[in-house]
Amino acid sequence: MEFQLMPKVSVIIPVYNVERYLRECLDSIINQTLEDIEIICINDGSTDNSLEILCEYEKKDNRIIVFNQENKGVSTARNNGIKLAKGEFVCFIDPDDKYPTQDVLAVLYHGAIKNNVLICGGEFSHFTNNADVLEKEYQDSFLGYLFEKNEIIEYKDYQFDYGYHRFVYDREFLLENEIFYPLYKRFQDPPFFVNAMIKAKRFYALDKITYAYRIGHNTVKWNTEKTNHMLMGILDNMKYAHEYNLSKLNEYSYIRLEQHLSYVRSYLNFRSYKIIKKMSKYNPKVKSFVYKQFIKKYIQNIFSVKNNTTKTHKIITILGLKIKIKRGKNNTKS
C-alpha cells in the first residue's frame, strides 16, 4: 500500500514480550478502513518472539515500521514513537489490546478534522482472553468514560485523567508543546493525558467505542520504585489541578491515591513519605487522612524494636537496623 508523505495517522505501539497477543493487535490495525496510516512499532528489548512477529508483518505491509531500542520502558518507547512519527495525528495502542471495529481510525481522524480540534476520542471497552464480547467500561466516580453524544467538550467541564488510548492527538501540537510521557514505570499515562488536554483546552467527543483493552491476563508486580513512580504521577496531576484550578481533577487524583495506597503500603519508604508530603500542599485531604495514615504506618515500622535470640547472639532491630549482641557464657558458680 502507498501513502502520502504525511500519513493521516501514526499508530504508535510499544512492544515488550507480547508474542501471545501481538498478531491480534496488529491485525486490528492493518485492517482499518483508513488506509493512509503508518504503524510505528518500538521494540523495547523483547526477549521472546515479539521482534520476529514484527519483522514478519513489516515485510507484508510497508506501512509498518519497526524500531529497536534497549529495554528502557514504555514511556521512552512512546516518546520515541512521537518523535519518529510523520502523521497529522498520532495515537497509542498497547500490543495486548486491539481496535474494536475497522472504522475506528477513520472516525477519529475525520472527527478531528471536521471539527477543527487538536484531540478527538471516544469511549472504551474491555474484553478477556476467553471472550470476544466487548463490554463498556464505566465507573460512577469518574467522568469521561462515556460520552452521551458527538460534540465538542471543554476539558475544564470534565477534568478526567484516564483513557488516553481512545484519542488521537495532533502531532505538531504535542511536539510544539513538548508533551511527552514522564519516565515513570507506573502511572505515566495520566500526566501525559492531562497535560495534553489542558494545553488543547477542548476535544471532540464521540459516542462510539474507539478502544478495547484486554483484562485478566497479567498482574502488576509492584515494588518500591514502581510505587514511588506511581506517587510521582499522581503528584504531577495534583500540580496541574492546582495550577489550572481544576477541582475535579484534584479530587480524582486523591481518589487514585486512596485506591493505590490500599495495595502498595508494604512498598512505601522514606521517599514515598516525601512525595506524599508534597501532595498535601495541593490537596488538604492528603494531609488530613492519607498523610496521617502513612506516618502512622511508617513510624510503627522504623521505630519498632524486635527481639530475636539465637544460640550465639541476641538480635535487636531498631530503626530498621539489626544489632547483634554476642551472648556471654553463664559463669555463675554452683
**OP:** Sort out which residues of segment 75-107 are aliphatic (A, V, I, L, M) and closer than 19 Å to His126 by Cβ, and write them in order of number.
**Re:** Ile93, Val104
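Okay, residues lined up against (1) closer than 25 Å to Glu172 by Cα; (2) touching a residue at least 24 places away in the same chain (Cβ under 8 Å):
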residue	(1), (2)
Leu5	yes, yes
Val11	yes, yes
Tyr21	no, yes
Asn31	no, yes
Glu35	yes, yes
Glu38	yes, yes
Cys55	no, no
Subject >> Enumerated strands (runs of 3 or more DSSP E) restricted to segment 65-150, each holding at least 3 residues that are at pLDDT below 95 and touching a Phe, Trp or Tyr at 6+ places or on another chain (Cβ under 8 Å) >> reply: 119-128, 131-136
Original post:
Using beta carbons and a limit of 6 Å, which pairs, at least six apart or on different chains, have the first residue in segment 194-212 and in a strand (DSSP E or B) and the second one among the acidic types (Asp, Glu)?
Top reply: Arg202/Glu154; Ala205/Glu151; Ile209/Glu123
Subject >> Counted residues, segment 155-169 - those being over 20 Å from the mean Cα position of the chain (by Cα) and in contact (Cβ under 8 Å) with a residue 40 or more places away in the chain >> reply: 1
Subject >> Within segment 239-251, considering residues that are in contact with a Leu (Cβ under 8 Å, 6 or more places away or on another chain) and under 20 Å from Gln188 (Cβ atoms), the one surrounded by the most Cβ atoms within 10 Å (Cβ to Cβ) >> reply: Ala241
**OP:** Would you please name the residue that is modelled with the lowest pLDDT, looking only at residues in segment 187-217 that are within 27 Å of Phe127 (Cα to Cα) and surrounded by fewer than 20 Cβ atoms within 10 Å (Cβ to Cβ)?
**Re:** His217
Subject >> Residue check for Thr33: among the polar types (S, T, N, Q) and touching a helix residue (DSSP H, G or I) at 6+ places or on another chain (Cβ under 9 Å) >> reply: yes
Original post:
Which ones in segment 10-30 are charged (D, E, K, R) and either in contact with a Leu (Cβ under 6 Å, 6 or more places away or on another chain) or assigned to a helix (DSSP H, G or I) (or both)?
Top reply: Arg23, Glu24, Asp27
**OP:** Would you tally the residues in segment 238-252 being within 20 Å of Lys277 (Cβ to Cβ) and not aliphatic (A, V, I, L, M)?
**Re:** 6
Subject >> Residue match in segment 98-109 (condition: closer than 20 Å to Asn218 by Cβ, under 14 Å from the mean Cα position of the chain (by Cα) and in the same structural domain as Ile64 (by TED's automatic domain parsing)) >> reply: no
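The values are calculated or read from the model by the stated rules, or taken from the named source; none is laboratory data. Note that the structure is a prediction, hence the values are computed from the model and not measured. Because the Cβ atoms are built from the backbone with ideal geometry, glycine has one as well, and the counts that use them run over all protein chains shown.
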